[in-house]
Amino acid sequence: MSPRRDGPSRRSFLASGAGVAGGAAVASLLPPSVHAALAQPVKPGGLRSIEHVVFLMQENRGFDHYFGTLRGVRGYGDRNAIELRDGRPVFEQPGPLRRVKPFLARDAIGHGPLTDVNYIAGLDHGWDTGQKARGDGWHDGWIAAKQTPTMVHYDRRDLPFQYELADTFTVCDAYHCSVFGPTNPNRTYHWTGTIGYEKNGHRAVENDAYDEANHPGYALTSYVERLSKAGRTWKVYQEWDNFTDNPLEFLTTFKQVMRKALAPTGAYKSLTEFYGAVAKAGADERKSMLAALDKGVAALPAPERDLFERALRRSDGGTLGAAFRADVEAGRLPEVSYIVASAAESEHPGSGSPIQGAGITYQVLDAIASDRRTWETTALFLLFDENDGYFDHVPPPLPPADAADEHYDGKPIGLGLRVPMTVVSPWTAGGYVCSEVFDHTSTIRFLERWLGVREPNIGAWRRTVAGDLTSAFDFRRTAGPPPVPRPGTPPKFYLRWPALPPVVQKDPAPEPGRRPARPLPYRTDASARLEGDALVVTMTERGARASHLALYPYAGEFATPRHYDVAGRAVERVALKDGRYRLTLTGPNGFRREFAGARSGAAARADVASRAAGAARIEITLRNRGTQPLTFTLKALAYGKASRKATVAAGKSVTVSWATEHGWYDVEIRAAEDAAFRRRLMGHLEDGRPSVSG
């Protein structure tokens, strides 16, 4: 276990946030400057309103681990959660002795008077265990791969600052990391749009680059280099301790610049080694070491010197927030900023904590909101690089077999598991959820849309499956923050501890209620009908962009779930096993279709189709292609208590108009004459306008 690492300076933001008098800020942990800024009118103008984009990427937290209990998001109350291959819910993961459910850190074995929920230990999060956890797409390998602490999670009581940010701005609940693997490959996607190759020819899916003295680096062009070429400004903000979280240092171009700059300092082969020594040196020696580095930097050609100053220069320990604020106050904030936190402030479960990460986030927020001009023109993205092995219940989209660059060693590189993403800006206020699928390449694509500088490293499949984050914004209107509950008192850290599941397990308890939801580009639908010995599944997407669908075979129709990227129409023929079928098709934002039946049943030749009639109603067409009448029962499983019956003559069809609730529907359809026949239609009808969560 690690010794206590925090101090009063890392907790002081709580007092300054919670002690504000007047208005909504009385019970708030956010900076008073944020509340003052939100009270001001927002200038219209779309993406051209933005002058600054800031990325603060933190370390190693999964979406369910942080936000599984948050109201109105796809967390532990998810109606579209998959079923495991053994028929149990995805939230009940099989283990060697018993099944394990998600459990709160404060309920865990090991939590006592010397431990704090903020200070739990990390897990294995490498490529191999990431692949094992996904269980060939069945999502049932978590306990065997990661061991039991993988299921530990937090709630609002534990993370009042993070939950208030989500309630005040926009949280993305379909944001995935990019790789089934650790930090550096995921961060490399965020900075370059792809990953490189190791010297043995293997894809760079692990943290091999951390061997800085011997690693040759990756021959990739970063997006920031493209920004420089286009005349755009950018900067990396980092301290002497940057926790090796700046992946530019592992690209060959920057490694060459770094080593030239380090030449006058002696035998140092990396900035991590050099700045580590600087931090330990006495005042006079430190001054001499930094002067030697400055000499090396001054000798660089102008383009390389510019790269060093923007990407590699580190500030004194404990000055990250102050350095960022200084540039804001001086009007020097570049168009694109990357903030790389220290180990203690990174939220990494092995070296930091949520509350320490909240401290640096608070400083960045306050710097932006304290300057009205900066607030009015800035978008801040708060995100995490990977999930650290913590359980998330949503299986990610996977690439098709013919996307060779998206596979390594016969396995999909990603998308990885979901991680938290909160978008802070005047145009994302109001406590919204955005459920479009994103990954770390989406951050670059947002910059592409905004600045017009294209990143050729991003592959075609990633562009198909992941959006560009613009749907998280509403440039036409804005909303203030809703009321928030009073936070608890700040924790004190003593010991780093592993959170083991309690003896008596309970189902996780998501917060009740909904939240406003951003409009999405999806118009997804699907149906299925028997043709001979096969079930023909027809999938359609009539929205502005493709949807990713996954088909789960629960009657053994095929071995592992199949994935589809649908733009327009796609058809899959599924051979029946033993004359029966039971399949579930899942898609974005709660879309779900369940198909069950038998080849010899009375309703074998029946099928069900649907189409949106605006957002208020869905039209469900019942077709009877058989020779005898069929009596169908339609029953609401949620969003009301409606129930309907319809008798359909042989060779005929009947269309039923079904009312939705804010566009949401969940309908079960059965045939009285055939117990095996079942259809389930679930999802949300989009009409281009904001709605509410399901």
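The values are calculated or read from the model by the stated rules, or taken from the named source; none is laboratory data. Keep in mind that what you see is a predicted model, and the values were worked out from it rather than measured. Using ideal geometry, Cβ is built from the backbone for each residue, glycine included, and neighbour counts are taken over all protein chains shown. Calculation scope for accessible area: heavy atoms of the full protein, side chains included, ligands and nucleic acids excluded. Shrake-Rupley method; radii C 1.70, N 1.55, O 1.52, S 1.80 Å.
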Exercise. Considering the alpha-carbon set of segment 218-372 alone, what are its Rg and its Dmax in angstrom?
Worked result: 15.8, 46
For this session: Send over a whole-number figure in Å² for the accessible area per residue of the chain, probe 1.4 Å.
Result: 37
For this session: Please report, in debye to the nearest 20, how large the charge dipole of the chain is about its Cα centre when each Lys and Arg carries +1 at its beta carbon and each Asp and Glu carries -1 there.
Result: 1880
Exercise. Per-residue HN-Hα couplings for segment 329-344, Karplus 6.51 cos²θ - 1.76 cosθ + 1.60 at θ = phi - 60°, whole Hz, x for Gly and Pro?
Worked result: 5, 8, x, 9, 4, x, 5, 10, 10, 10, 9, 10, 7, 6, 4, 5
Exercise. With charges only on Cβ, +1 for K and R and -1 for D and E, what is the dipole size of segment 550-688 about its Cα centre, in debye, rounded to 20?
Worked result: 440
Exercise. What residues have an amide H closer than 5 Å to that of Met421, excluding those fewer than 5 places away on the same chain, when H is modeled at 1.01 Å from N in the peptide plane?
Worked result: Cys172
Exercise. Over its Cα atoms, what ratio of radius of gyration to 2.2 N^0.38 Å does segment 572-658 give?
Worked result: 1.18
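For segment 319-365, report the translational diffusion coefficient in µm²/s to the nearest whole number, using Stokes-Einstein at 10 °C, 1.306 mPa s, and a Kirkwood Rh over Cα pairs.
Diffusion coefficient, whole number: 141 µm²/s.
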Exercise. Zone of Glu668 (label point 7 Å along Cα→Cβ, backbone N under 14 Å): which residues in segment 602-638?
Worked result: 633-638
Exercise. Of the peptides 545-551, 648-654, how do they stack up when ordered by the mean number of other Cβ atoms within 10 Å, highest first?
Worked result: 545-551, 648-654
For this session: Rounded, prolate or oblate: pick one for segment 550-694, where a ≥ b ≥ c are the square roots of the eigenvalues of its C-alpha gyration tensor, a/c under 1.5 means rounded, and failing that, prolate if a/b is larger than b/c, else oblate.
Result: oblate
Exercise. Between Thr538 and Arg98, what length in nm is gained on full extension when 0.36 nm per residue of separation is reduced by their alpha carbon distance?
Worked result: 154.5 nm
For this session: State whether segment 615-694 is rounded, prolate or oblate according to the following rule on the C-alpha gyration tensor (a ≥ b ≥ c being the square roots of its eigenvalues): a/c under 1.5 gives rounded; otherwise a/b larger than b/c gives prolate, and the remaining case gives oblate.
Result: prolate
Exercise. Label Glu285 and Ala299 with points 7 Å out from Cα along Cα→Cβ: what is the distance between them in nm?
Worked result: 2.3
Seminar exercise, completed: Here the gain from full extension of Thr655 to Ala330, 0.36 nm per residue of separation minus their alpha-carbon distance, amounts to 110.5 nm
For this session: Would you please classify the overall shape of segment 576-615 from the alpha carbon gyration tensor, given that a ≥ b ≥ c denote the square roots of the eigenvalues, rounded means a/c under 1.5, and beyond that prolate means a/b larger than b/c while oblate covers the rest?
Result: oblate
Exercise. Points 7 angstrom from Cα along the Cβ direction at Arg580 and Thr621: gap in nanometres?
Worked result: 3.1
Exercise. How many nm is it between the label spots at Asp107 and Asp316, if each spot is 7 Å from the Cα in line with the beta carbon?
Worked result: 4.7
For this session: Quickly rank 183-192, 98-107 as a protection proxy: mean count of other C-beta atoms within 10 Å, highest first.
Result: 183-192, 98-107
Seminar exercise, completed: Given unit charges at Cβ for Lys, Arg (+) and Asp, Glu (-), the dipole magnitude of segment 229-307 about its Cα centre in debye, nearest 20, is 300
For this session: For Ser228, tell me the accessible area in Å² from a 1.4 Å probe, rounded to the nearest 10.
Result: 50
For this session: Against the globular-protein guess of 2.2 N^0.38 Å, express the Cα radius of gyration of the chain as a ratio, rounded to two decimals.
Result: 0.99
Exercise. Along the charge dipole of segment 496-640, which of Phe595, Gly614, Thr633 sits closest to the positive end, that is, farthest toward it, with unit charges on the beta carbon of Lys, Arg, Asp and Glu (+1, +1, -1, -1)?
Worked result: Gly614
For this session: Arrange the peptides 197-205, 611-619, 335-343 so that the one whose residues have, on average, the most other Cβ atoms within 10 Å appears first.
Result: 335-343, 611-619, 197-205
Seminar exercise, completed: Out of Gln131, Ala575, Val453 - ranked by how far each Cα lies towards the positive end of the dipole of the chain, with unit charges on the beta-carbon of charged residues - the top one is Ala575
